[in-house]
Each structure stands twice: as structure tokens, then as C-alpha cells.
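Please read the structure below before turning to the comments.
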Amino acid sequence: ASAVVWRELAWMLRKAKILTVADVIAFEMLCDAVADYRAVREKRGNCFVTHSPKTGSEMLDQHLVAQNMLAKRADGLMSKFGMTPADRSKVMIDPQLGLFGDTPPAGTSRFFKQ
């Protein structure tokens, strides 16, 4: 299951020039977290509450608890790769230089605000 997630995400992160050889272990952990999340979500189905075998009282389904923990783990790793809109908004770029006919600066001056 992790390999499926790897194939889904690796091309996207490589295309965005985010994933490098140095990121393999963190990316592997991300793929595991997403695959585990999907597996637990599948097992949970529509069950959110279950009954305790000892007392008969209602309690959260164990798969729902695991799903929430895995979601937090995956979210933390996704943020390291800039995979959420909030994380991407922290990156400041000026992609529209020259958009309205202005000539973008040449040489090294293009890297500094004027």
C-alpha cells in the first residue's frame, strides 16, 4: 500500500522540484502514514462509535482513534514537503515579474528587491 502512495506522490513532488535523494527516508515515512491512514479508514467504514465488551457503554471506535492519530502524523509530514495550502503560502516568491510589460531585472539584481 505504501508503494501505491509513493507512486501517487513522488512524481508530483519531483515535478515541483521538492523531492531529492536526501528526502527519501522522510518521504517513505509520509507514504507509510498515508497508506496506514487509508487502510484504517477502510476498516472503520461508517462506524464511529462502538460498545465496550466489558461494560456495554458507548465509546469511540478504535479505528477512528487510530485514523485521527495517523491523520496528524501524515499532516505533520505533508507540511514538511509543503503539501498543504497553508504551508505553500509561507513560501514568498514573485512569479509574475514582467507580467504587465515591465522588463524583469537582469543579472544578479533580479534576486534582490529594488
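Does any residue of segment 81-94 turn out to be of a type in the set (D, E, K, R), modelled with pLDDT of 85 or more and surrounded by 10 or more Cβ atoms within 10 Å (Cβ to Cβ)? No, that holds for no residue.
Residues in segment 45-62: is at least one surrounded by 14 or more Cβ atoms within 10 Å (Cβ to Cβ), under 21 Å from A1 (Cα atoms) and at pLDDT below 95? Taking every residue of segment 45-62 in turn, none turns out to be surrounded by 14 or more Cβ atoms within 10 Å (Cβ to Cβ), under 21 Å from A1 (Cα atoms) and at pLDDT below 95. All told, N46 meets the bar of being of a type in the set (S, T, N, Q) and either in contact (Cβ under 8 Å) with a residue 24 or more places away in the chain or not in a helix (DSSP H, G or I) (or both). Taken over segment 19-68, residues that are of a type in the set (F, W, Y) and over 15 Å from the mean Cα position of the chain (by Cα) amount to 1. Name the residues in segment 2-36 that are surrounded by fewer than 14 Cβ atoms within 10 Å (Cβ to Cβ), of a type in the set (A, V, I, L, M, F, W, C) and not in a helix (DSSP H, G or I), would you? If the condition is that a residue be surrounded by fewer than 14 Cβ atoms within 10 Å (Cβ to Cβ), of a type in the set (A, V, I, L, M, F, W, C) and not in a helix (DSSP H, G or I), then A16 is the only one that fits.
The values are calculated or read from the model by the stated rules, or taken from the named source; none is laboratory data. Values in this document were obtained by computation on a predicted structure and should not be read as measured data. Note: ideal-geometry Cβ built from the backbone for every residue, glycine included; neighbour counts use all protein chains shown.
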